[in-house]
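For reference, the structure discussed in these notes is given below.
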């Protein structure tokens, strides 16, 4: 009983870990990132394409449309008339070629992204550079986020053309925010003696480290033999 079971497990593992009968790589892949729908800051329908010009090198671009119905935590409920989009561009290196690992393909990636945002705040406060506060009736805010990230990940084919990807990365982002205030009033006799955490209540440039992770589903085509 143990021998047939062992043989079956070994056969399934060999099927998953070996390449197809002919060594090929697919030139183009279309991808969707479902985990982007849950992003608590800027949830999007994130679609992308990867162009692979070598068995181990490729470039990837992605574009995200705003869709925050499934966003976790509702952190940014105070942003009215909120508009944003997400754009990504990166270069990828597959650490092992297809002949070595078959359907399981680990990779490393360097990626940059840009998220422009516009929104309105009603009845808020703004921290000034000297530590004082300005109160306002409304603010038309513009927030630009640039970032760069290093991402290791794994791409695994479960059919000839279908695959899933999992990744985790660490990076650095630059955030620049400006406000167009209505009826601003500076509170000169009050100074902030604590750190205001929310980016909406500040003005200027602020940088920070961040963690990125997610799951992609894709379909590839345009097989090239090598």
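The values are calculated or read from the model by the stated rules, or taken from the named source; none is laboratory data. Remember, predicted model here, so these are calculated numbers, not experimental data. So basically every Cβ, Gly included, is an ideal-geometry build from the backbone, and we count neighbours across all protein chains shown.
With the structure loaded, tell me whether residue 197 is farther than 30 Å from residue 56 by Cα, outside any helix (DSSP H, G or I), within 23 Å of the chain's Cα centre (by Cα) and at pLDDT below 85 or whether it fails that test.
Details: farther than 30 Å from residue 56 by Cα: yes; outside any helix (DSSP H, G or I): yes; within 23 Å of the chain's Cα centre (by Cα): yes; at pLDDT below 85: yes.
Spelling it out, residue 197 is indeed farther than 30 Å from residue 56 by Cα, outside any helix (DSSP H, G or I), within 23 Å of the chain's Cα centre (by Cα) and at pLDDT below 85.
Is it the case that the range 88-95 has a residue that's outside any strand (DSSP E or B) and either surrounded by fewer than 17 Cβ atoms within 10 Å (Cβ to Cβ) or at pLDDT below 90 (or both)? Can you show your working first?
Just the residues of the range 88-95 that are outside any strand (DSSP E or B), to begin with: 95.
Going one step further and asking which of them are either surrounded by fewer than 17 Cβ atoms within 10 Å (Cβ to Cβ) or at pLDDT below 90 (or both), we end up with 95.
Checked against the condition, which is being outside any strand (DSSP E or B) and either surrounded by fewer than 17 Cβ atoms within 10 Å (Cβ to Cβ) or at pLDDT below 90 (or both), the range 88-95 yields at least one hit.
Can you name the number of the only condition in (1) closer than 30 Å to residue 225 by Cβ; (2) modelled with pLDDT of 85 or more; (3) over 23 Å from the mean Cα position of the chain (by Cα) that residue 126 fails?
For residue 126, the failing item is (1).
Can you find a residue in the range 110-124 that is over 30 Å from residue 79 (Cβ atoms) and assigned to a strand (DSSP E or B)?
Initial filter on the range 110-124 (over 30 Å from residue 79 (Cβ atoms)): 110.
Then keep just the ones that are assigned to a strand (DSSP E or B); that gives 110.
Scanning the range 110-124, I find at least one residue that is over 30 Å from residue 79 (Cβ atoms) and assigned to a strand (DSSP E or B), so the answer is yes.
Could you say whether any residue in the range 134-151 is assigned to a loop (DSSP other than H, G, I, E, B), in contact (Cβ under 8 Å) with a residue 12 or more places away in the chain and in contact with a strand residue (DSSP E or B) (Cβ under 8 Å, 6 or more places away or on another chain)?
no
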